[in-house]
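Engineer: My structure is below; once you've seen it, I'll send some questions.
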Amino acid sequence: MGPSTTVTGPGRQRTAEPVGDVTPVPAEPTTTAWSEYLAAARELDGVRRGAASAAGEQARSAEAAREELAVVRTGLASQQERLRELGVPAMSLVPSPPELTEAARSMAGGPAAVLAALRAARSRAEAADAALAVRGWLHPGSWPARPRNLLVYGPLALVVPLIQIVVYLATGAGPASVAALICGLPMPAVAFVAGWVGIGRVFRAAPGERLDRTVRFGALVCLVPAVLVTAGLLLALLAG
């Protein structure tokens, strides 16, 4: 070998240094997966909370619907009884198939829809009760027994006493007044019997019940005017 020859061995090799732009190191894949996991967990928690809230709302609506149903049933039973007393046919108090279909369709949306339908039914039932109450005062058949029977006993009890008063005012203390006074003595009993029969003809009892004719009250109503008028005419005749 000549002096110009250079020997390079393995230990003398040099690593080439990079030239130009440096290549960026890619991001860690675990960081991206963790972010996606947190987002999915938050979304899942939101879904869970929404489902729990919806379930709680449905439970509250179902409980309120059960309470509303009990109130509506009680009101409808009372209203049905009153309508039967007024002579409404039983077939008219039963819902028809189209009405049942419409009601089922309106309640197909779950407990909230059922609750809304029941509240609407309750408001209509209350409006019907108010209308029945107004009509009841105009319909003597629904009055209590004594005021109702007074409409029959009262006029009959006043007929003969009024005739006696008219005869006395027209003729004075004469034979006609005496005859009217004597003829009027048994008339309270006649008025009572006529009233007793008239009540049965004018008013009707509810199915399965007995018509209350208020016998003692009717006898008192028929007797009091006759006694008062007879006593007054007798004193007037004696004074004349």
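Engineer: Could you tell me whether any residue of segment 84-101 is among the basic types (K, R), farther than 27 Å from A55 by Cβ, modelled with pLDDT under 80 and crowded, with 16+ Cβ neighbours inside 10 Å? Quick ask: steps written out before the conclusion?
Structural biologist: Taking segment 84-101 as the starting set, the residues that turn out to be among the basic types (K, R) are 84.
Filter once more, so that each one left must be farther than 27 Å from A55 by Cβ: 84.
In the following step, the residues that additionally are modelled with pLDDT under 80 were identified as 84.
Keeping just the survivors that are crowded, with 16+ Cβ neighbours inside 10 Å gives none.
There is no residue in segment 84-101 that is among the basic types (K, R), farther than 27 Å from A55 by Cβ, modelled with pLDDT under 80 and crowded, with 16+ Cβ neighbours inside 10 Å.
Engineer: Specify the residue that is modelled with the highest pLDDT; the eligible residues are those in segment 175-205 that are surrounded by 14 or more Cβ atoms within 10 Å (Cβ to Cβ) and over 17 Å from L151 (Cα atoms).
Structural biologist: M187
Engineer: Please list, ordered by first then second residue, the pairs with beta carbon atoms under 6 Å, 6 or more apart or interchain, first in segment 133-162 and modelled with pLDDT of 65 or more, second surrounded by 15 or more Cβ atoms within 10 Å (Cβ to Cβ) and outside any helix (DSSP H, G or I).
Structural biologist: A145/D212; A145/T214; R146/T214; N149/T214; V160/G184
Engineer: Still on this structure, please answer the following. Quick check: anything in segment 65-76 touching a residue at least 12 places away in the same chain (Cβ under 8 Å) and of a type in the set (G, A, S)?
Structural biologist: Yes: segment 65-76 contains one or more residues that are touching a residue at least 12 places away in the same chain (Cβ under 8 Å) and of a type in the set (G, A, S).
The values are calculated or read from the model by the stated rules, or taken from the named source; none is laboratory data. Source: prediction; values computed, not measured. All Cβ positions, glycine included, derive from the backbone under ideal geometry; neighbour counts span all protein chains shown.
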